[in-house]
Amino acid sequence: MKKKMDILYEDKELLVINKPSGLLTIATDKEKERTLYHQAREYVKKQNPKNKIFIVHRLDKDTSGIVVFAKNEKLKLLLQKNWEQVAINREYTALLCKTPKNKKQRIENYLLETKTLHVYNTKDKTGKRAITEYEVLKSNKQFSLVKIHILTGRKNQIRVAMQSIGCPIVGDKKYGANKNPYRRLCLHANYLELVHPITKKKYVFEAECPDIFKKNFES
């Protein structure tokens, strides 16, 4: 049985969904239908067969949280073209394998991607600049829960940033994690402030952090 989509917000122009971990945002060569885009498309076409849906941005398959769709191509193109300006505040929550030395830190990486799609930090600053800020919310001997604010939107930016300080995200074997008790990548896009590129109306979308992230810190 299909799980019902977790719709956070909907109007005539926007559809905002809380994507579960383990679901692709858009199709790949290997998987065409088990995607959030396919679910969103089916949903709007049930309302009216003429309806269309357009993906604005994406999350990694194993990252959960806020994904924005546009209901017309003009808005989609405007949002994508100006994403760094209109997405004025993007926050994530992550469970880390260790506790960082600094409670708060701004991390600057320069990222390149290999032919095998592995993103890495270039020490000589030849890659694309990525700026990631974090703050430790809770910690214990095993894990730490952090709030992350991104100032750029690079592929795998947060995952590489956490690896670069020796604190990979729980479940992120690709970037150095040796723990995966929850069988998922413990990264969640929980907060987005978005400014409409035409009307300048500000939207605030929130998707609460998964309970399993907090489970380790319950007394």
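Output the residues belonging to the range 79-112 that are farther than 27 Å from Lys123 by Cβ, surrounded by 15 or more Cβ atoms within 10 Å (Cβ to Cβ) and in contact with a Pro (Cβ under 7 Å, 6 or more places away or on another chain).
Hits for the range 79-112 are Leu79, Val86.
For (1) in contact with a helix residue (DSSP H, G or I) (Cβ under 7 Å, 6 or more places away or on another chain); (2) among the hydrophobic types (A, V, I, L, M, F, W, C); (3) over 21 Å from Leu187 (Cα atoms), each residue gets a yes or a no:
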site	(1), (2), (3)
Glu13	yes, no, yes
Lys30	no, no, yes
Val44	no, yes, yes
Ile53	yes, yes, yes
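For the range 143-188, what are the residues that are outside any loop (DSSP other than H, G, I, E, B) and either polar (S, T, N, Q) or free of Cβ contacts under 8 Å to residues at least 40 places away in the same chain (or both)?
Selection gives Ser144, Gln157, Gln163, Ser164, Lys173, Tyr175.
Assess whether Tyr182 counts as being hydroxyl-bearing (Ser, Thr, Tyr), farther than 17 Å from Ile212 by Cα and within 19 Å of the chain's Cα centre (by Cα).
For Tyr182, the condition - hydroxyl-bearing (Ser, Thr, Tyr), farther than 17 Å from Ile212 by Cα and within 19 Å of the chain's Cα centre (by Cα) - is not met.
Which ones in the range 1-17 are surrounded by 15 or more Cβ atoms within 10 Å (Cβ to Cβ), at pLDDT 95 or above and part of a loop (DSSP other than H, G, I, E, B)?
Passing the criteria: only Glu13.
For the range 53-78, enumerate the residues that are crowded, with 19+ Cβ neighbours inside 10 Å and among the polar types (S, T, N, Q).
Across the range 53-78, the qualifying residues are Thr63, Ser64.
Kindly indicate whether any position in the range 154-166 is more than 18 Å from the chain's Cα centre (by Cα) and either farther than 18 Å from Thr99 by Cβ or not aliphatic (A, V, I, L, M) (or both).
Yes: the range 154-166 contains one or more residues that are more than 18 Å from the chain's Cα centre (by Cα) and either farther than 18 Å from Thr99 by Cβ or not aliphatic (A, V, I, L, M) (or both).
Going by the conditions given, is Leu185 touching a Ser or Thr at 6+ places or on another chain (Cβ under 7 Å), more than 30 Å from Lys12 (Cβ to Cβ) and either loosely packed, with under 14 Cβ neighbours inside 10 Å or of a type in the set (A, V, I, L, M) (or both)?
Spelling it out, Leu185 is indeed touching a Ser or Thr at 6+ places or on another chain (Cβ under 7 Å), more than 30 Å from Lys12 (Cβ to Cβ) and either loosely packed, with under 14 Cβ neighbours inside 10 Å or of a type in the set (A, V, I, L, M) (or both).
Looking at Leu117, Leu112, which is the one that is under 19 Å from Asn156 (Cβ atoms), in a strand (DSSP E or B) and over 14 Å from the mean Cα position of the chain (by Cα)?
Leu112 is the lone residue from the list that is under 19 Å from Asn156 (Cβ atoms), in a strand (DSSP E or B) and over 14 Å from the mean Cα position of the chain (by Cα).
Need the failing condition index for Asp172 against (1) touching a Lys or Arg at 6+ places or on another chain (Cβ under 6 Å); (2) modelled with pLDDT under 95; (3) not hydrophobic (A, V, I, L, M, F, W, C), just the number.
(2)
The values are calculated or read from the model by the stated rules, or taken from the named source; none is laboratory data. Just so you know, these numbers come straight off a predicted model, no measurement behind them. For neighbour counting, all protein chains shown are included, and Cβ atoms are generated from backbone atoms with ideal geometry for every residue, glycine included.
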